[in-house]
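I have placed the structure first, in the form of structure tokens, so that the comments after it can refer back to it.
Throughout, read-outs are computed from the coordinates displayed, never taken from laboratory work. Being a predicted model, the structure only gives us computed values, none of them experimental. Note that each Cβ is placed from the backbone with ideal geometry, even for glycine, and that neighbours are counted across all protein chains shown.
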Amino acid sequence: QVQLVESGGGLVQAGGSLRLSCTASERTFGNFAMGWFRQSPGKEREFVAGITWSSGSTNYADSVKGRFTISRDNAKIAVYLQMNSLKPEDTAVYYCAANRIGATATARVYAYWGQGTQVTVSS
């Protein structure tokens, strides 16, 4: 069982930056593709970014391209989401997720999920 724990959320003004971190309990973390999703009240969970095992390929939602960057450090068993130029519409609970398939945007492919971290962007 892979356990994922997110951190780094908080309150930031529009235009600001935050860096989310997700640490995993699994020693074979390097075998998993990782993703970040987000969910705001009344909306479905949506894909934000994904990264393959070797960091050779990344995938982003159009809404965050050019502003967010996903990265991972397999030695530290961690994945990160650097969020720049934040907008009020980025406000959501952000979830880290893991799967053995790839950096897909499809939530049901991800077998393991963290508990989420709140990001609030004020205007």
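So, in nm, how far is label residue 44 from label residue 104 when the simple model puts each one 7 Å beyond its Cα toward the Cβ?
Going by the 7 Å Cα→Cβ label model, 1.5 nm.
From the residues 79, 4, 29, which one has its Cα farthest along the dipole of the chain in the positive direction, the dipole being from +1 and -1 charges on Cβ of Lys/Arg and Asp/Glu about the Cα centre?
With unit charges placed on the Cβ atoms, the residue in question is 29.
Largest first and in whole Å, give the semi-axes of the chain's equivalent ellipsoid, each being the square root of 5 times a Cα gyration tensor eigenvalue. Intermediate values should be presented prior to the final figure.
On the way: eigenvalues 100, 38, 37 Å².
Taking √(5λ) for each Cα gyration eigenvalue gives 22, 14, 14 Å.
So how much slack lies between residue 84 and residue 55, counting 0.36 nm per residue of separation and subtracting their Cα-Cα distance, in nm?
8.4 nm
Consider a paramagnetic label point 7 Å from the Cα of residue 67 along Cα→Cβ; state which residues of the stretch 17-45 have an amide N under 11 Å from it.
17
Give a residue-ordered list of calculated ³J(HN,Hα) values for the stretch 88-99 (Karplus: 6.51 cos²θ - 1.76 cosθ + 1.60, θ = phi - 60°; whole Hz; x for Gly, Pro).
x, 6, 7, 4, 4, 8, 9, 10, 9, 9, 10, 8
Relative to 2.2 N^0.38 Å, what does the C-alpha radius of gyration of the stretch 41-108 come to as a ratio? Two decimals please.
1.12
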